[in-house]
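What follows is a short report on a single structure.
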Amino acid sequence: MVFNSLEFVGLLIVTILATLAAPSSIRWLVLSIASVLFYAALGALYLLAILLVVSFLSYCFGLIISKVTQPRTRKVTFWLSTFGLIAILVWCKYLPFLGESINTLCNWSGLNFAVAVPEPLVTIGMSYFIFQALSYLFDLYVTSLSPERHFGYLFLYLGFFPKILQGPIERGEHLLPQLRTVSVTYEGLRAGLVIFAWGLFKKVVIADRLSVFADAVYGQPHEFSGISLLLATYAYAFQLYCDFSGYTDMAIGVARMFGITLSPNFNRPYLANSVIEFWRRWHMTFSRWILDYIFKPLQIKWRHAASLGVAGALIVTFLVSGIWHGAGWSFVCWGLLHGAYMATSVFWQPVRKKLLSGWSGSRLMVWGYGRVFVTFNLICLGWVLFRSSSLSDAWYVVTHMFSASGWGLHILSSKESIRHYLLLGQGFDDALLASLVVCIFAVVSWTRSRSGFDTLDSYLEDKPLIIRWSIYYAVILAIIFIGDYQTSEFLYMRF
Amino acid sequence: MLSERLKHVILRELELDDFTMDDTTTANMVPGWDSLNHVRIIVAVEEEFKVHFSTLEVIRLKSLGDLQSLIDAKSSA
């Protein structure tokens, strides 16, 4: 079941009505039942079983970690529970990849040895709720977070249906208290619907439209070269952003309808002026997770190696990030690429500071815009790995993106040539519509950012009635009449 | 109460002439105290006070007051 489906709308309405009717003490049960039904609708009931097992383990280990005072026992319990949860994730998600990699390695080295490779399982949502469980246990072990003594609330914390499939990855101290004050109000419903609609607009009007262009090229990259590869990569960059941030908005909107505020996940990431800044703006709950639970401990452990220690910690952190995103060598390479970017910045930052020490005014402004442009393209280089079907396809895209045959005035020599190189084989009307919606989105985002508002709802809150309702109608009409409904999958559900 | 010695170490590592700090000051309140400088400051504090912090002890630090308490505990041990 996905957000942009009639089944989900039906479940949502029933859940809202049931929450209104239920006394506050059992609203957690209403939401838990809704979450079970939502997750079960994926058709892989073992996922529900794994969610229950992870919830139970987190609940039990959480209580033990908090109760035990002897430091060594606490430490052993913490590490046991952490390895247990990671083992579940590795077993379900990474075993086929590990098996294939071992067999490939044996083949290359001439060893007459092969392991049985299990069939890949559907693991939608698992990476998210297991990482959330890990953060809960870590916070119990390290900070003064109190354990959740009610199993139902802990289950709901991990399995809450708006966020189970693609996050945000919520911290215990932020979400657990809110689950005890679930309420349905007019204001919550109104705000939630506005945020949800904007998310749906980003998904069906922008992301799914752009996917046609990206898929046309990345589906058969060897048919294209030069500017086509660049345009397809840019299209994918915005498709991925609108798809994922659209989902997050929809998740935040649905949660708001129950009086729950989920954490924001995006803050205009393509306006970042460095890769470090990008990771403060992209998938923020995940980047905070890897920063707090992997990077910081490693950085502190390796502190006596100074900058090398920091660089090493960054590479390991982003390697884990790559592996989390997918069981494949493209994702491992993508993670290592970002690790390399971040590690390089450790040594580049002091140099840049010296370089710019005498700069001011327009020179600094041009440098600033240049940094945003360069950062965006560095990120797009990573997206090539992310989107390509294989490492060899990614290599082809990167090595042919600036080949002479794909640039130059010959591109404009005929209608067919323009259609192939610039429109990526699609129609002029489709390209015009896609460009228009991206421009509208860019203007809305820029206007919101200048006003300092996090969500469309908060931006419109004090606007005159006619402005608010004009925008509401515009968004709804756009969703109905120019939404693309051929694709319903959310990209980040694969991770 | 933050010791002048600790304040001096922090100001030196961050190349600040002066900054008002007290027990409740957190890292994000001090100019230039980012994740890169964080470990430099921790290493500098360990060298200055001849103490060693475990990884867990450093992760648990929330404020300069916590850091001062940790230094005092390690120094008297």
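Quick notes on this structure:
- Any hit, the range A:167-182, residues being at pLDDT below 95, under 23 Å from A:A478 (Cβ atoms) and under 23 Å from the mean Cα position of the chain (by Cα): no
- Residue identified as buried (at least 23 other Cβ atoms within 10 Å of the Cβ) and either away from every other protein chain (no Cβ under 14 Å) or small (G, A, S) (or both) among A:Q299, A:Q239: A:Q239
- Only a single item in (1) open to solvent by less than 10 Å² (accessible area, probe 1.4 Å); (2) touching a residue at least 24 places away in the same chain (Cβ under 8 Å); (3) not in a loop (DSSP other than H, G, I, E, B) is not met by A:P162, and it is number (3).
- Qualifying positions in the range A:396-443 - assigned to a loop (DSSP other than H, G, I, E, B) and open to solvent by less than 40 Å² (accessible area, probe 1.4 Å): A:M401, A:S403, A:L423, A:L424, A:G425, A:Q426, A:G427
- Test result for A:L356, more than 27 Å from the chain's Cα centre (by Cα), open to solvent by less than 70 Å² (accessible area, probe 1.4 Å) and of a type outside the set (D, E, K, R): yes
- Residues that are assigned to a loop (DSSP other than H, G, I, E, B) and more than 14 Å from chain B (Cβ to nearest Cβ) within the range A:137-159 comprise A:S146, A:P147, A:E148, A:R149, A:H150, listed in sequence order.
- Residue in the range B:2-25 that is under 19 Å from A:K296 (Cα atoms), open to solvent by 30 Å² or more (accessible area, probe 1.4 Å), within 14 Å of chain A (Cβ to nearest Cβ) and not in a helix (DSSP H, G or I) present: no
- Any hit, the range A:79-91, residues being in contact with a Cys (Cβ under 9 Å, 6 or more places away or on another chain), among the β-branched types (V, I, T) and loosely packed, with under 15 Cβ neighbours inside 10 Å: no
- Scanning the range B:28-69 for residues that are free of Cβ contacts under 8 Å to residues at least 24 places away in the same chain, open to solvent by 20 Å² or more (accessible area, probe 1.4 Å) and within 11 Å of chain A (Cβ to nearest Cβ) yields a total of 15.
- The requirement of being open to solvent by less than 10 Å² (accessible area, probe 1.4 Å) and at negative phi is satisfied by A:L179.
- Pair list, Cβ under 9 Å, 6 or more apart: the range A:119-133 residue at negative phi, other residue basic (K, R) and in a helix (DSSP H, G or I): A:P120/A:K93; A:L121/A:K93; A:T123/A:K93; A:I124/A:R494; A:M126/A:K93; A:S127/A:K93
- Residue check for A:F213: farther than 28 Å from A:L51 by Cβ and either of a type in the set (D, E, K, R) or modelled with pLDDT under 90 (or both): no
- Only one entry of A:L63, A:L105 meets the criterion of being of a type outside the set (V, I, T) and at pLDDT below 85, and that entry is A:L105.
- Selected residue (only one of A:G326, A:G368 is more than 20 Å from A:A237 (Cβ to Cβ), more than 14 Å from chain B (Cβ to nearest Cβ), at pLDDT below 90 and open to solvent by less than 70 Å² (accessible area, probe 1.4 Å)): A:G368
- Checking each residue of the range A:109-121 against the condition of being open to solvent by less than 20 Å² (accessible area, probe 1.4 Å) and not hydroxyl-bearing (S, T, Y) gives no match.
- Applying a threshold of 6 Å to beta carbon distances and a minimum spacing of six or more residues, or different chains, the list of pairs starting in the range A:208-234 at a residue that is over 11 Å from A:G425 (Cα atoms) and ending at one that is among the hydrophobic types (A, V, I, L, M, F, W, C) and open to solvent by 30 Å² or more (accessible area, probe 1.4 Å) reads A:L210/A:F238; A:G226/A:W407; A:I227/A:W407.
- The single condition among (1) more than 14 Å from chain B (Cβ to nearest Cβ); (2) under 30 Å from A:S5 (Cβ atoms) that A:L319 does not satisfy is (2).
- Which listed residue is within 23 Å of A:L89 (Cβ to Cβ), open to solvent by less than 20 Å² (accessible area, probe 1.4 Å), at pLDDT 90 or above and assigned to a helix (DSSP H, G or I), from A:F318, A:F331: A:F318
- Subset of the range A:251-270 [within 13 Å of the chain's Cα centre (by Cα) and open to solvent by less than 20 Å² (accessible area, probe 1.4 Å)]: A:A251, A:S263, A:N265, A:P269
- Condition broken by A:A343, with the remaining ones in (1) closer than 29 Å to A:L89 by Cβ; (2) away from every other protein chain (no Cβ under 14 Å) satisfied: (2)
- Just one of the numbered conditions (1) within 14 Å of chain B (Cβ to nearest Cβ); (2) surrounded by 20 or more Cβ atoms within 10 Å (Cβ to Cβ); (3) farther than 30 Å from A:S35 by Cβ is not true of A:A232: (1).
The values are calculated or read from the model by the stated rules, or taken from the named source; none is laboratory data. What you see is a predicted model; the values in this text were computed from it and never measured. Don't worry about glycine lacking a Cβ; one is built from the backbone with ideal geometry, like all the others, and counts go over all protein chains shown. Calculation scope for accessible area: heavy atoms of the full protein, side chains included, ligands and nucleic acids excluded. Shrake-Rupley method; radii C 1.70, N 1.55, O 1.52, S 1.80 Å.
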